[in-house]
Amino acid sequence: MFLKNLMFSLNATVPVFLMMVFGWFVHRIKLLDDNATSQINKFVFRTLLPALLFMDLSTADFRRVWDGKFVLFCMCATLLSVGVAVVYSLIVGKGCERGEIIQASYRSSAAVLGIAFVNNIYGHSTMAALMIVGTVPLYNVIAVTALAVTSPEKDKSRGKSAVALNTLKSIVTNPIILGIAVGMIWSLLKIPQPVILSKSVTYLGNMATPLSLIALGASFKFGEAKGKLPVTLGIAALKLVLFCAVFLPIAVKLGFRGEKLIAILVMLGSATTGSCFVMAKNLGHKGTITAFAVMLTTLLSAFTLTGWLFVLKTLGYI
């Protein structure tokens, strides 16, 4: 069982890491320049990621499987994780770096890895879909707020009211949040999806992950990341170890088992999602810390997720 779970984690994470390495390589050999990479980031952020989230959420039957206790736990764990991330950013971050640190510390690959992970073990992803409802909207609202408030491009002379207005505008018009909202409404209203629409959205959604990872790798500058290793190691420790160590025992105490516990594990302890980098770049940040955090947590999560899975299996909770 341990070797099986280890192979699953490696199969889920190493290809992601290799896609980022590929992006860095094609940039190094000049197949992608900085301008092309920037355009790819915008394209992914504004079209492909919303399509991916709509694809995942619009087909879920929320009325039948709704579990308020589970969704509430996911929301509360996310908010408490954000609080820890804010404290950490205030301790180690400087200025505009804090927004990137906050986002990279709490955001997981919930929408992408969550469904894949639960499907691989249980054959369906109902609880992963509910976990997405409880976390992804919060992920994006808080991320947009943190990044907008700390953005190096914001006009500091305009005062707090202008900053608040711009932050609200960024949240309301955020393509990822719009994709989530439309997907949930579509599901709740049980609107049928013609095959043409379903296949078209699936094509777009399937492009989101590889293109975002290639763009992330192409944008990564090792020289700029040299001084960021201590900060990024701290992010990885929070993301992959601390949050799981704190919230998994609480989840077990509350009676969550099986598929629900796996979904919670992915929510708490999976790698920082690549969309963090796309969002950071689109809100005026360098993205260096974010890119480094995605790469490091992706590499390490192959081992930490396997370790947590082994513990839960050994204790008989899954």
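Since every read-out is calculated from the coordinates, none of them should be taken as a lab result. Because the structure is predicted, anything quoted here is derived from the model rather than measured. Reconstructed Cβ throughout: ideal geometry from the backbone, glycine too, with neighbour counts over all protein chains shown.
For a 28 Å ceiling on Cα separation, which of these pairs sit above it: 94/253; 69/313; 239/260; 169/199; 239/281; 30/286? Too far apart for the 28 Å limit: 94/253; 169/199.
Per-peptide packing, taken as the mean over residues of other Cβ atoms within 10 Å, places 63-72, 177-186 in the sequence 177-186, 63-72 from highest down. Scattering from the C-alpha atoms of the stretch 174-234 alone, worked out with Debye: what is log10 I(q)/I(0) at q = 0.22, 0.26 1/Å? Taken in order of the listed q values, log10 I(q)/I(0) reads -1.00, -1.14.
How would you rank 272-280, 142-150, 90-98, highest first, on the average number of other Cβ atoms within 10 Å across their residues?
272-280, 142-150, 90-98
In order along the stretch 192-206, the Karplus-derived 3J(HN,Hα) couplings, from 6.51 cos²θ - 1.76 cosθ + 1.60 at θ = phi - 60°, round to x, 10, x, 4, 4, 5, 4, 5, 5, 5, 4, 4, 5, x, 5 Hz, and Gly and Pro are given as x.
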